[in-house]
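Asker: Next up is a structure, given as structure tokens.
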Amino acid sequence: MQCSFLFLASCILSGLKELFKDEVCYENEKVGCFKTGYPWRSLTARPFFPPPQSPSVVNVTVTVFTRNTGPTIEDGHMVDIGNIIGFNDRDFDAARNKTFFIIHGFIDTGKKDWLRIMKDELLKKEDANVFIVGWGRGWFDIIHYPQAASNARVAGAVLARFIEHLNSEYNLPLDKIHLIGHSLGAHVASYAAKRMKGIGRLTGLDPAQPGFEDTPIEVRLDKTDALFVDVYHTDMRPFFPLGGFGMINPVGDVDIYYNGGYYQRGCGAIPLLVKIRNWDDIAKLSNNAYLVCSHIRAYQYFTASINSKDCQVWAGKVKMPDKNRITSATFGSQPVYSLVKTCSLKTCTVAGYKADTPGLPREGVFSAITVLKDPPYCDPNHGGMIVDKNILSKMERYTEDESTIEISSEIPQVATMENDDMDEQADDFMFTSESGSQYFNEDDLYEIVTSRH
């Protein structure tokens, strides 16, 4: 009995040493070493987050598609990323104007249908190289989330190594690369971009919140990661107790909050009787469609925007409350809305694929409504907006001082709210909650000049 106890104690001690080691290295697999102390492990944001596992466990896969490739995921050409990268695909052309990398999140694998659909839309739009990046097992068992979040670092390192290969061996310009990541995949994209400075664009589709909110920039997606970083928030409620998976605070050059960033149209809300107090409560909801509906809308919105011709989702700029007066938890429990009646090039942008159109604002926080709950999520009249149908083709000729896009004052750019008694003084910014509305006068608002904006 005594021997059994000593053996058990030895196993526990060995496990704790493994969990709390200061660094893990995978030099033989060409990705280097990873620190595991603060800020990668902290009592507040990342308690008991384990060290990242080896590349062989994370199992990053990269599959290339072009317009010459067949329509299914299986038709893609798999890249061998071992000690020696096996890539010699004749369909790949570094001279193409764009090269995309689509990266899934925690609940998916590299063969999920949404990846194929987005890939098809991108190739319909552009004669491009499109890589689908798979990693991890596609867990939804929530107890594995901390490990998956740690493994995102290794996935990013492996992806960066492949991008470096394309850059050095094929002369692929980094500024022609567009990384698109959903949930944890947004942070995978971030880790890759941090290693390969000069990436042209990084799009974060509802970047994962647990373990990343309010952490230093080396831990999470940040606007410094690429030349242009656009982020879309669709599920930004606090993880505890409201079950939101998406990041709350703005972290990009352009952050767009769809329908307040809270619940998306057609998704509904998690029943109020559900009390989410810990990871076990989340695990019990793993098959609840409400739990992920708003979270996955981010990639659905982005995909719909790629080839949208009849309408665009326009987003109005908002002002952020003073962080000394409002915490991220409070921010996340109250949706973000913008009441914009006249949309100028100073105050509006297009949500989604066309957000990098020359002439549009490249900095700020914006609020967008989708109008419809089904694709394409917008209509030609955009709920009363008067928008020149040729606005995108003319965008470079617009000046900030002279050009405006008129929006009907009868249709404010807000989602439907339970409290419709809105103060006209809150035209620039408002938070609202289920229990009522909280207004900020001009003295309470400030332009976004924080470290993030």
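The values are calculated or read from the model by the stated rules, or taken from the named source; none is laboratory data. In this text, all values refer to a predicted model and were calculated from it rather than measured experimentally. Note that we place each Cβ from the backbone using ideal geometry, even for glycine, and neighbour counts take in every protein chain shown. Please note that ligands, DNA and RNA were not included when accessible areas were found on the heavy atoms of the full protein model with its side chains. Shrake-Rupley method; radii C 1.70, N 1.55, O 1.52, S 1.80 Å.
Asker: Of everything in the range 93-126, what is under 21 Å from the mean Cα position of the chain (by Cα) and assigned to a loop (DSSP other than H, G, I, E, B)? Give them in sequence order.
Answerer: 98, 104, 105, 106, 107, 108, 109, 110, 111, 112 - these are the residues of the range 93-126 that are under 21 Å from the mean Cα position of the chain (by Cα) and assigned to a loop (DSSP other than H, G, I, E, B).
Asker: Would you check if residue 90 is more than 20 Å from residue 292 (Cβ to Cβ) and assigned to a helix (DSSP H, G or I)? First the steps, then the outcome.
Answerer: Details: more than 20 Å from residue 292 (Cβ to Cβ): yes; assigned to a helix (DSSP H, G or I): no.
So residue 90 does not fit the description; no.
Asker: Out of all the residues in the range 393-406, is one or more at pLDDT 70 or above and open to solvent by less than 20 Å² (accessible area, probe 1.4 Å)?
Answerer: Taking the range 393-406 as the starting set, the residues that turn out to be at pLDDT 70 or above are none.
Within the range 393-406 (the criterion being at pLDDT 70 or above and open to solvent by less than 20 Å² (accessible area, probe 1.4 Å)), the answer is no, since none of the residues qualifies.
Asker: Go through (1) among the β-branched types (Val, Ile, Thr); (2) at pLDDT below 80; (3) closer than 30 Å to residue 241 by Cα one by one and return the number of the condition residue 342 breaks.
Answerer: Result: residue 342 fails condition (3) only.
Asker: Here's a follow-up. For the range 251-263, how many residues meet the condition of being open to solvent by 10 Å² or more (accessible area, probe 1.4 Å) and under 18 Å from residue 319 (Cα atoms)? Give the derivation first.
Answerer: From the range 251-263, those open to solvent by 10 Å² or more (accessible area, probe 1.4 Å) are 253, 262-263; that's our starting set.
Subset that is under 18 Å from residue 319 (Cα atoms): 253, 262.
So the count comes out to 2.
Asker: Can you name every residue in the range 239-248 that is in a loop (DSSP other than H, G, I, E, B) and either among the hydrophobic types (A, V, I, L, M, F, W, C) or open to solvent by 10 Å² or more (accessible area, probe 1.4 Å) (or both)? Please lay out each step first, then the result.
Answerer: Going through the range 239-248, the residues in a loop (DSSP other than H, G, I, E, B) turn out to be 243-245, 247-248.
The answer is 245, 247, 248.
Asker: Scan the range 356-377 residue by residue and report those that are out of contact with any Asp or Glu (no Cβ under 8 Å at 6 or more places or on another chain) and assigned to a loop (DSSP other than H, G, I, E, B).
Answerer: Within the range 356-377, 357, 360, 361, 369, 370, 373, 374, 375, 377 meet the criteria.
Asker: What pairs come up if the first residue lies in the range 235-252 and is under 11 Å from residue 332 (Cα atoms), the second is among the polar types (S, T, N, Q) and outside any loop (DSSP other than H, G, I, E, B), and their beta carbons are under 7 Å apart, counting only those six or more places apart or on different chains?
Answerer: That search, which allows pairs on different chains as well, returns 235/294; 248/328; 249/328.
Asker: Out of everything in the range 158-192 that is outside any helix (DSSP H, G or I) and of a type in the set (A, V, I, L, M), what residue ends up being farthest from residue 301 (Cα to Cα)?
Answerer: From the range 158-192, those outside any helix (DSSP H, G or I) are 171-173, 177-183; that's our starting set.
Subsequent filtering for residues that are of a type in the set (A, V, I, L, M) retains 172, 177, 179-180.
Numbers: 172: 29, 177: 21, 179: 16, 180: 13 Å.
Looking at the filtered set, the residue picked out is 172.
Asker: Then there is this: I'm trying to understand the selection: among the residues of the range 211-238, which are outside any loop (DSSP other than H, G, I, E, B) and open to solvent by 10 Å² or more (accessible area, probe 1.4 Å)?
Answerer: Let us first name the residues in the range 211-238 that are outside any loop (DSSP other than H, G, I, E, B), namely 223-225, 228-233.
Correct list: 223, 224.
Asker: Within the range 72-81, does at least one residue satisfy the condition of being open to solvent by less than 30 Å² (accessible area, probe 1.4 Å), on the phi < 0 side of the Ramachandran plot and not in a helix (DSSP H, G or I)? Quick ask: steps written out before the conclusion?
Answerer: Taking the range 72-81 as the starting set, the residues that turn out to be open to solvent by less than 30 Å² (accessible area, probe 1.4 Å) are 73, 76, 79.
Remaining after also requiring on the phi < 0 side of the Ramachandran plot: 73, 76, 79.
Now narrow it down to the ones that are not in a helix (DSSP H, G or I): 76, 79.
Yes - at least one qualifying residue is present in the range 72-81.
The rows are residues; the columns are (1) closer than 23 Å to residue 215 by Cα; (2) of a type in the set (Val, Ile, Thr); (3) modelled with pLDDT of 90 or more.
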{"residue": "8", "(1), (2), (3)": "no, no, no"}
{"residue": "12", "(1), (2), (3)": "no, yes, no"}
{"residue": "24", "(1), (2), (3)": "yes, yes, yes"}
{"residue": "28", "(1), (2), (3)": "no, no, no"}
{"residue": "45", "(1), (2), (3)": "yes, no, no"}
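Asker: Right, next: I need a count of the residues in the range 82-98 that are farther than 14 Å from residue 158 by Cβ and either open to solvent by less than 30 Å² (accessible area, probe 1.4 Å) or acidic (Asp, Glu) (or both).
Answerer: Number of matching residues: 5.
Asker: Turning to a different aspect of this structure: Looking at (1) more than 19 Å from residue 123 (Cα to Cα); (2) open to solvent by less than 40 Å² (accessible area, probe 1.4 Å), which is the only condition residue 30 fails?
Answerer: Among (1) more than 19 Å from residue 123 (Cα to Cα); (2) open to solvent by less than 40 Å² (accessible area, probe 1.4 Å), the lone unmet condition for residue 30 is (2).
Asker: So, one more: Being among the hydrophobic types (A, V, I, L, M, F, W, C) and part of a loop (DSSP other than H, G, I, E, B) is the filter here, so list the residues in the range 193-209 that pass it.
Answerer: 196, 199
Asker: A further question follows. Of the residues in the range 50-62, how many are hydroxyl-bearing (Ser, Thr, Tyr), touching a helix residue (DSSP H, G or I) at 6+ places or on another chain (Cβ under 7 Å) and surrounded by 17 or more Cβ atoms within 10 Å (Cβ to Cβ)?
Answerer: Of the residues in the range 50-62, 0 are hydroxyl-bearing (Ser, Thr, Tyr), touching a helix residue (DSSP H, G or I) at 6+ places or on another chain (Cβ under 7 Å) and surrounded by 17 or more Cβ atoms within 10 Å (Cβ to Cβ).
Asker: Next question, about the same structure. Among the residues of the range 305-318, is any within 21 Å of the chain's Cα centre (by Cα), at pLDDT 70 or above, surrounded by fewer than 22 Cβ atoms within 10 Å (Cβ to Cβ) and in a helix (DSSP H, G or I)? First the steps, then the outcome.
Answerer: Kept after step one, since they are within 21 Å of the chain's Cα centre (by Cα), are these residues of the range 305-318: 305-308, 312-318.
Next, only the ones that are at pLDDT 70 or above stay: 305-308, 312-318.
Narrowing further to those that are surrounded by fewer than 22 Cβ atoms within 10 Å (Cβ to Cβ): 306-308.
Remaining after also requiring in a helix (DSSP H, G or I): 306.
There is at least one residue in the range 305-318 that is within 21 Å of the chain's Cα centre (by Cα), at pLDDT 70 or above, surrounded by fewer than 22 Cβ atoms within 10 Å (Cβ to Cβ) and in a helix (DSSP H, G or I).
Asker: Something else now. Right, residue 211: touching a residue at least 40 places away in the same chain (Cβ under 8 Å) and on the phi > 0 side of the Ramachandran plot or not? Before the answer, list the steps.
Answerer: Values: touching a residue at least 40 places away in the same chain (Cβ under 8 Å): yes; on the phi > 0 side of the Ramachandran plot: yes.
When the stated conditions are applied, residue 211 passes them.
Asker: Of everything in the range 30-43 that's touching a residue at least 40 places away in the same chain (Cβ under 8 Å) and of a type in the set (A, V, I, L, M, F, W, C), which residue is farthest from residue 209 (Cα to Cα)?
Answerer: Restricting to residues being touching a residue at least 40 places away in the same chain (Cβ under 8 Å) and of a type in the set (A, V, I, L, M, F, W, C), the top hit is 31.
Asker: Considering only the range 33-44, how many residues are open to solvent by less than 100 Å² (accessible area, probe 1.4 Å) and in a strand (DSSP E or B)?
Answerer: Kept after step one, since they are open to solvent by less than 100 Å² (accessible area, probe 1.4 Å), are these residues of the range 33-44: 33-34, 36-37, 39-42.
If we keep only those that are in a strand (DSSP E or B) as well, we get 33-34, 42.
So the answer is 3.
Asker: Could you pull out the residue among 230, 206 that is among the acidic types (Asp, Glu), at pLDDT 95 or above and more than 20 Å from residue 106 (Cβ to Cβ)? It would help to see each step written out before you state the result.
Answerer: Working: 206 fails: more than 20 Å from residue 106 (Cβ to Cβ).
Result of the check over 230, 206: 230.
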